[in-house]
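Take a look at the structure set out below.
What follows is calculated from the coordinates using simple rules that are stated; it is not laboratory data. Every value quoted in this text rests on a predicted model; they were computed, and no experiment measured them. When we count neighbours, we look across all protein chains shown, and the Cβ atoms used for this are built from the backbone with ideal geometry, even at glycine.
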Amino acid sequence: MRQFDQQRPNLARMYDYMLGGTDNFAVDRLAIEQLAELVPEAVPLARANRAFLQRAVRYVAAAGIDQFVDLGSGLPTQGSAHEVAPGARVVYVDHDPVVAAHAKALLAANVGRAVCVEADLLDADDVLDKAGGFLDLDRPVAVLLVSILHFLPDSARPDAAVARLRERLAPGSFLVISHATTMGRLEDEEGGRGYRGSSGSGGADRRPSEIRRFFGDFSLDPPGLVQAVDWRPDRPKLVGDWALPSSLMAGVARKIDHSASA
């Protein structure tokens with residue numbers, strides 16, 4: 001297995017540490033501690049994002065989905081899809097060969113249940129061709145794009161890649177997306193007070209309306225595209241709960257078989 005460079009922080013290991021995992025090194029923990037000093041909400045947002053993923057996986061599993069493709073998955077630790085839906089088959093996808101190699105080692109005890117493949121989500125056909133070696137793509141699948149699309153600028157055409165994913169999925173499939181937005185305020189839907197727009201070499205700052213377009217003609221299940229903490233929460237908000245910044249939007253949509261109703 002290719003080894004992580006223990007002298008440089010790694011995003012997958014840093015995320016693992018933010019979620020309370022142990023697959024990280026001192027350099028990763030130091031990087032997160034420094035980040036938390038600059039952005040105090042970084043760790044709570046990471047945990048809110050993982051909590052959304054877990055609720056979404058439970059939701060689509062209850063709807064009958066037993067196949068998942070998790071794109072830009074990082075390390076499959078701390079309540080990843082195969083742990084939340086133990087009866088499902090899961091394909092984790094990461095473009096970093098070192099992360100993919102480590103993920104494969106972590107999944108060694110889950111033969112027949114979960115695998116990791118190395119692929120770039122911008123090449124949707126390659127992703128699905130590799131996933132098809134483990135899953136039955138003629139049946140519904142849930143594709144997870146959780147906190148990954150905002151790392152891709154518009155110039156990389158993530159919209160085209162996601163459109164191709166939607167096109168190839170069987171009717172009844174689900175698309176699960178969470179996406180950061182610096183404002184995350186729905187009033188910006190009307191034209192964007194103070195909004196600078198999207199793109200840039202480091203990723204994209206997209207309006208909710210732009211995030212909504214990733215779902216294409218898939219039908220958003222209630223409550224629609226909302227703040228991640230408000231997507232089917234496990235419990236009602238309590239008085240005194242610390243409010244996270246409204247900077248992470250989330251939604252779950254399904255592919256409707258229009259031909260069946262024609």
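Note on residue 27 and residue 83: the model spin-label points, each 7 Å out from Cα along the C-beta direction, lie 2.5 nm apart. Between residue 108 and residue 163, the modelled label-to-label distance comes to 4.4 nm, taking each label 7 Å out from Cα in the direction of the beta carbon. Using the average count of surrounding beta-carbon atoms within 10 Å as a protection proxy, the listed peptides 65-76, 118-129 rank, highest first, as 65-76, 118-129.
Each Lys or Arg adds one and each Asp or Glu takes one away; over the other residues whose Cβ falls under 15 Å from the Cβ of residue 113, this sums to -2.
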